[in-house]
1. In region 159-174, how many residues are open to solvent by less than 60 Å² (accessible area, probe 1.4 Å) and either in contact (Cβ under 8 Å) with a residue 60 or more places away in the chain or more than 20 Å from Ala241 (Cα to Cα) (or both)?
2. Can you work out which of the residues in region 203-218 that are part of a helix (DSSP H, G or I) and closer than 19 Å to Asn156 by Cβ is modelled with the lowest pLDDT?
3. Applying the selection to region 181-202, what residues are away from the ligand (no atom under 11 Å from the Cβ) and in a helix (DSSP H, G or I)?
4. Within region 191-199, can one find any residue that is buried (at least 20 other Cβ atoms within 10 Å of the Cβ) and under 15 Å from the mean Cα position of the chain (by Cα)?
5. Quick one: which residue in Tyr52, Tyr86 is within 16 Å of the ligand (Cβ to nearest atom), within 19 Å of the chain's Cα centre (by Cα), among the aromatic types (Phe, Trp, Tyr) and assigned to a helix (DSSP H, G or I)?
6. Would you confirm whether or not region 217-224 contains a residue that is surrounded by fewer than 24 Cβ atoms within 10 Å (Cβ to Cβ), over 24 Å from Val49 (Cα atoms) and of a type in the set (Gly, Ala, Ser)?
7. Among the residues of region 167-176, is there at least one that is within 22 Å of Thr210 (Cα to Cα) and either near the ligand (Cβ under 9 Å from one of its atoms) or of a type in the set (Gly, Ala, Ser) (or both)?
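The values are calculated or read from the model by the stated rules, or taken from the named source; none is laboratory data. Since the model is a prediction, treat every value here as computed from it, not as a measurement. Positions of Cβ are generated from backbone atoms using ideal geometry, with glycine treated the same way; all protein chains shown enter the neighbour counts. Accessible surface areas use protein heavy atoms only, side chains included; no ligands, DNA or RNA. Shrake-Rupley method; radii C 1.70, N 1.55, O 1.52, S 1.80 Å.
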Amino acid sequence: MIIYLDGKFVPEEEAKVSVFDHGLLYGDGVFEGIRAYNGRVFRLTEHLVRLYNSAKAILLEIPMSLEEMEEAVLETLRRNKLKDAYIRLVVTRGKGDLGLDPKKCCKPTVFIITDAISLYPEEMYKNGLKIVTVPTRRNAPEAVNPNIKSLNYLNNILAKIEAANAGAQEAIMLNNEGYVAECTGDNIFIIKDGKIYTPSTALGGLPGITRSAVIELARKMGYTVEETFFTRYDIYTADEAFLTGTAAEAIPVVELDGRAIGNGKPGPITQELIAAYRELVNSEGTPIGE
Ligand code: PMP
């Protein structure tokens, strides 16, 4: 496997970063998870814009232009001869000393890993996920804004552990006011009386690229989609629910906190949207090239 690391393409064994890198010492950095389907990278520019915005929000200057980053992603895929892939793009504050001060870090570290995708088992798409609400609240926007896709994922990891401890596959994370923000690595949608709802990102979720693609798709298909306030009650009493994310794509949810959602089976609009999303990802994207 060939890794892009600070301007060079190196074998995996040589792709090493310093133990003084603040990405490792403090989670000081930003990242993206992107996918390529069938020789094309889905919504690459949108992912890169989010990466550069995340970096800006933490005053991290990425030492290359967005266009150069785009080319680095495509070239990494080409060197690995990948047409379908999961792409992990990471920018850290770089090597510093043991203090927090980012000014001591002279040069951000940039690396890109492209790997074969590991999909969720198909039966999860067929049967749907059973999820729970967890005690750990989503980061407050006044602290570390969840709009920033930072390397500091402990908030989500704790929630993921709590979900696993409860025997569930995913977690609903609430914000400090008790509104539904999102899941640990996915956004959530519900369907009620034929209308589609998703928590406004102002409630403290990541503005997912899959989320926006699904909103666009659903509107094109004639559905009303509202980004709005959202409580657990709305999910308990919904007809259907599903999650969206780059890795998961769109996946049905059939139970929350022991309450069956709708009839406890993946709903028809969810299935329609999953199919439409799969078609979309296979029909657009930035060509990887030869
Ligand atoms: N929320 C969180 C916390 C995430 O980490 C992610 C990405 N894995 C998402 C939502 C979904 O975002 P996207 O559709 O851009 O992958």
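1. Of the residues in that region, 3 qualify.
2. The selected residue is Leu203.
3. Once the filter is applied, which keeps residues that are away from the ligand (no atom under 11 Å from the Cβ) and in a helix (DSSP H, G or I), region 181-202 yields only Ala202.
4. The answer is no; no qualifying residue exists.
5. Unique residue meeting the criteria: Tyr52.
6. yes
7. yes
Here is a yes/no grid of residues against (1) farther than 30 Å from Glu12 by Cβ; (2) buried (at least 17 other Cβ atoms within 10 Å of the Cβ):
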| residue | (1), (2) |
| --- | --- |
| Pro108 | no, yes |
| Phe111 | no, yes |
| Ala116 | no, no |
| Tyr120 | no, no |
| Glu123 | yes, no |
| Asn127 | yes, no |
| Ile131 | yes, yes |
| Arg138 | yes, yes |
| Ile157 | no, no |
